[in-house]
Amino acid sequence: MKLIIDTSSLLWSSLLAGSDVEAKTVNHNGADIKVNTAEYGYENAVNSVVKSLADWKLTPKDCIFAVEGRDSKKRRSFIDPGYKAKRGNRPPEAYVEFNRLKAKLVETFRNLGAIVCTQDFVEADDVIAWLVENTEEDCVVVSRDNDLIVLNGVNRFGAKCFVSINGEVGKNTYGDFDFKLVTLYKCTVGDTSDSVPGCRGFGPAAFLNLLARYQEDGLFELMYLIRDGKLNELAVLAKDNQCKIL
């Protein structure tokens, strides 16, 4: 089994957790903000990885650290210029400590036999998705990004993937439906955390109404039509009033 780690998620949560006695106070946008040191974050990050390894009875050589590549948001920003545009900005000093922490943590676990996987112009969650789709070994993904729950399941090689979000495994935080439908959920409802708009007037309640009316099989069919670009067939269904939600 492999332990696939969403590295940026791990690093930011480790760096921002609690208060470092060595933290320095900086002024950012008119406010005084404490910036924890890389050394402080490093201790938190190592403890978090060690706990995950113990929980799954694995060793450092079973780890794969998925790391953001250069200009990782660029491709998605070409599609939607507003992508992640509203994410809270941090002082430059925080990014300095983040990069110091990343270099130190990656070096430590690489020396212990872990694999580091990265790709320029690709975000870590896409790297993780590729790994999950192509691994021939069972794996567990560790992250704080709820979107990654879509990876729960079995891939084409028969390998099982378990996704641990904040320590919880196998939980769909969006509702009682198949993990694979999370993609459709985000397409229709939108994703405020990434500044991705959904369908106008279509919220979580409307999605659950759609699920109740057409069941999971119907929603999978809808997702396949969108995925395959068969919008004409979808338009015919809508015209015939077969897709009425409310």
request  = Filter segment 218-228 for residues that are free of Cβ contacts under 8 Å to residues at least 40 places away in the same chain and open to solvent by 70 Å² or more (accessible area, probe 1.4 Å) and give the result.
outcome  = E221, Y224, R227, D228
ask   = Of the numbered conditions (1) among the acidic types (D, E); (2) modelled with pLDDT of 95 or more; (3) within 21 Å of A38 (Cα to Cα), E136 satisfies every one except a single condition; which is it?
value = (3)
remark   = Of those in segment 159-175 that are of a type outside the set (V, I, T), over 15 Å from K2 (Cβ atoms) and open to solvent by less than 60 Å² (accessible area, probe 1.4 Å), the residue modelled with the lowest pLDDT is G170
task = Assess whether V132 counts as being assigned to a loop (DSSP other than H, G, I, E, B), of a type outside the set (G, A, S), open to solvent by less than 30 Å² (accessible area, probe 1.4 Å) and out of contact with any Lys or Arg (no Cβ under 6 Å at 6 or more places or on another chain).
result = no
query = Can you spot a residue in segment 54-66 that is β-branched (V, I, T), within 15 Å of C117 (Cα to Cα) and either touching a Pro at 6+ places or on another chain (Cβ under 6 Å) or in a strand (DSSP E or B) (or both)?
reply = yes
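Quick grid of which residues meet (1) assigned to a helix (DSSP H, G or I); (2) touching a Gly at 6+ places or on another chain (Cβ under 6 Å); (3) not polar (S, T, N, Q):
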| site | (1), (2), (3) |
| --- | --- |
| C117 | no, no, yes |
| D126 | yes, no, yes |
| E136 | no, no, yes |
| V150 | yes, no, yes |
| F157 | no, no, yes |
| N172 | no, no, no |
| F177 | no, no, yes |
| V182 | yes, no, yes |
| Y185 | yes, no, yes |
Breaking point among (1) more than 15 Å from the chain's Cα centre (by Cα); (2) assigned to a helix (DSSP H, G or I), for F121 = (2)
request  = Quick one: which residue in K186, K180, K104 is free of Cβ contacts under 8 Å to residues at least 40 places away in the same chain and either under 25 Å from K61 (Cβ atoms) or open to solvent by 30 Å² or more (accessible area, probe 1.4 Å) (or both)?
outcome  = K186
request  = Under 6 Å between Cβ atoms, at least 6 apart or on separate chains: pull out the pairs that start in segment 191-217 with a residue that is open to solvent by less than 70 Å² (accessible area, probe 1.4 Å) and end on any residue that is assigned to a strand (DSSP E or B).
outcome  = V196/G190; G198/G190
note = Taking segment 88-101 and keeping residues open to solvent by 40 Å² or more (accessible area, probe 1.4 Å) and either touching a residue at least 40 places away in the same chain (Cβ under 8 Å) or not β-branched (V, I, T) (or both) leaves G88, N89, R90, P92, E93, Y95, N99, R100
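The values are calculated or read from the model by the stated rules, or taken from the named source; none is laboratory data. Remember, predicted model here, so these are calculated numbers, not experimental data. Heads up, the Cβs are rebuilt from the backbone with ideal geometry, glycines too, and the neighbour counts pull from every protein chain shown. Side chains are part of the model used for accessible areas, which takes the heavy atoms of the whole protein and leaves out ligands, DNA and RNA. Shrake-Rupley method; radii C 1.70, N 1.55, O 1.52, S 1.80 Å.
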